[in-house]
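A short reminder: the numbers here are calculations on the coordinates, not readings from a lab. Just so it is clear, the model here is predicted, and its values are computed rather than measured. Note: ideal-geometry Cβ built from the backbone for every residue, glycine included; neighbour counts use all protein chains shown.
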Amino acid sequence: MLFSLSAAADAGSNRLFDALPALTQDFLLKLLATLLVFIVGYFVIKYLCRMLDRLFLKADRLDRSLERLIVSVLRWGLLFLLGIICADRLGIPTASLVTVLGAAGLAFSLALQNSLSNLAGGIFILTTKPFRTGDYIAVAGTEGTVETIGLIHTHLHAIDNRSVYVPNSAIMAGNVTNYTESRRRLDLLIPVPYECSLEQAKRVIARVASADSRVQGEPFVRVWELSSSSVDIKLRVWCAGADYWELRSSMLEAVKIALDEEGISIPYSHLNIHVLDDVRD
């Protein structure tokens, strides 16, 4: 009984399909085939993107933001290609569609030229890695600690607690100074008067520098320049990158105190004016 009912239903559906016009039958077959192609292609693209994402995680060579951007671009590019294939199977003229999309993409890229330049800069930074999150850098006329490296801009946290967002295109166009290294060199120029003993002044400065536990290695103390009002002595020491700023301040203070104790004053620019009486014939 059930078999006869099923056979009757199949026969009825076949008669209904046969009753449709031939053109409609072909379109339905194409639509079903295209739908099958789209479903299979969608899951293949999803699988490929997932596998690529896992490979990026295992390799751990690129920044995570750049990895996600690559996967996203690949996904949308493959989906666009899949859409073109499906449209072609349905008989939709894809040549004109691609032309229209190309013109729209060109207009869109021209309108967002600066943003695309920043995007290219973000990819360049994440790929070449001139600095990382947590580094202290100087770029585009500002300094600060790198908080985040985005695809459009880089967020810096300045010493005075300002948040500075630098466009990535400006970073690409200028010089980047990365101060975060395992060791940094501290250079100080200390003026002393011409009347003092240079050997005594150099000995005092070297003693102060050597006494600081943050100084690595032997300090460099040499006469560097004979200026108009002083003899300038160069003090050069190495220290850990994290100690740079504190060492700079404390070293200047300690050298000033030590020179004062030795009776060596640090000269400053001054102007002597001599007033002469009028001389008449």
Two pseudo-spin positions, 7 Å from Cα along C-beta at S182 and at S213, lie apart in nanometres by 2.2
Fully extended contour minus Cα-Cα distance, from E147 to L31, at 0.36 nm per residue: 36.6 nm
Point-charge dipole on Cβ atoms (K/R +1, D/E -1) for region 183-261, about Cα centre, debye to 20: 360
Positive-end extreme of charge dipole, region 176-281 - chosen from S228, S265, A206 (charges on Cβ): A206
What order do you get for 85-92, 52-59 when each peptide is scored by the mean count of other beta carbon atoms within 10 Å, highest first? 85-92, 52-59
Of G174, H155, S117, which is farthest on the positive side of the dipole of region 112-261, counting Cα position, with +1 on Lys and Arg Cβ, -1 on Asp and Glu Cβ, and the Cα centre as origin? S117
Report the extension gain between Y47 and H157 in nm, rounded to one decimal, defined as 0.36 nm multiplied by the number of residues separating them, less their alpha carbon distance. 35.6 nm
Alpha carbon centre of region 164-241 versus region 129-161: separation in Å? 24
Shape of region 130-178 from its Cα gyration tensor (a ≥ b ≥ c, root eigenvalues): rounded if a/c is under 1.5, otherwise prolate when a/b > b/c, or oblate? rounded
Among the chymotrypsin sites (Phe, Trp or Tyr not before Pro) within region 145-219, which fall in a DSSP loop and have no more than 14 other Cβ atoms within 10 Å of their own Cβ? Y194
Cβ-Cβ FRET estimate between M172 and V71, R0 fixed at 25 Å, reported to 0.05: 0.60
Roughly speaking, what is the stretch gain from L55 to S249, that is 0.36 nm per residue apart minus the C-alpha to C-alpha distance, in nm to one decimal? 65.0 nm
Using the beta-carbon distance between V40 and I92 and R0 = 25 Å, what value does 1/(1 + (r/R0)^6) give for FRET efficiency, to the nearest 0.05? 0.80
Mean Cβ-within-10 Å packing, highest first, puts peptides 203-213, 254-264, 117-127 in the order 117-127, 203-213, 254-264
Rounded, prolate or oblate, given the Cα gyration tensor of region 175-281, with a/c below 1.5 counting as rounded? prolate
Modelled label-to-label distance, I273 and A240, 7 Å Cα→beta-carbon offset: nm? 5.3
